[in-house]
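Peer 1: Below are the structure tokens for one structure; questions will follow.
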């Protein structure tokens, strides 16, 4: 029999899988492109450049970083769920009310 799993745990697991999958995709992109394009056969001319840097650095390092940043921002702002922690919040409110009552009396304090 399967136990009941909190929806917050299910959402967190799904979000972790998406982030891990994106990490693997960008890692494969960056490492494979830098390996294939960064170690070409020696030529007499200078390497191809994009914006003043070698093209393999632009396509294998800079572009994956930028795309990963845009993906992470979109994922965090539009896909991640803000799960209510109703049990923890109600317990926290009860503790806050109890601690607020504790400081109201002056008895038991040393001067």
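What follows is calculated from the coordinates using simple rules that are stated; it is not laboratory data. Here the structure is a predicted model, which means the values were calculated and not measured. Here the Cβ is made from the backbone with ideal geometry for all residues, glycine too, and neighbour counts use every protein chain on show.
Peer 1: Report the calculated FRET efficiency for residue 20 and residue 43 (r = Cβ-Cβ distance, R0 = 25 Å), to the nearest 0.05. The partial results should precede the final answer.
Peer 2: On the way: r = 39 Å, r/R0 = 1.55.
According to the calculation, E is roughly 0.05.
Peer 1: Extension gain residue 36-residue 62, at 0.36 nm per residue separation less the Cα-Cα distance, in nm?
Peer 2: Values: separation 26, 0.36 × 26 = 9.36 nm, distance 1.59 nm.
Length difference between fully extended and current span is 7.8 nm.
Peer 1: Next question. In nm, give the distance between the simple-model label positions of residue 8 and residue 73, each being 7 Å from the Cα along the Cα-to-Cβ direction.
Peer 2: Placing both labels 7 Å along Cα→Cβ, they lie 2.9 nm apart.
Peer 1: In addition: I want to check the label-to-label distance for residue 82 and residue 50. Put each point 7 Å from Cα in the C-beta direction and report it in nm to one decimal.
Peer 2: 3.7 nm
Peer 1: At a 10 angstrom cut-off on C-beta neighbours, averaged per residue, how do the peptides 13-24, 35-46 rank from highest to lowest? Please list the in-between numbers first.
Peer 2: Details: 13-24: 12.1, 35-46: 8.8.
My ranking of the peptides, most packed first, is 13-24, 35-46.
Peer 1: Taking the beta-carbon count within 10 Å as an exposure proxy, list 71, 77 from fewest neighbours to most.
Peer 2: Working: 71 15, 77 8.
If I rank by nearby Cβ atoms, fewest first, I get 77, 71.
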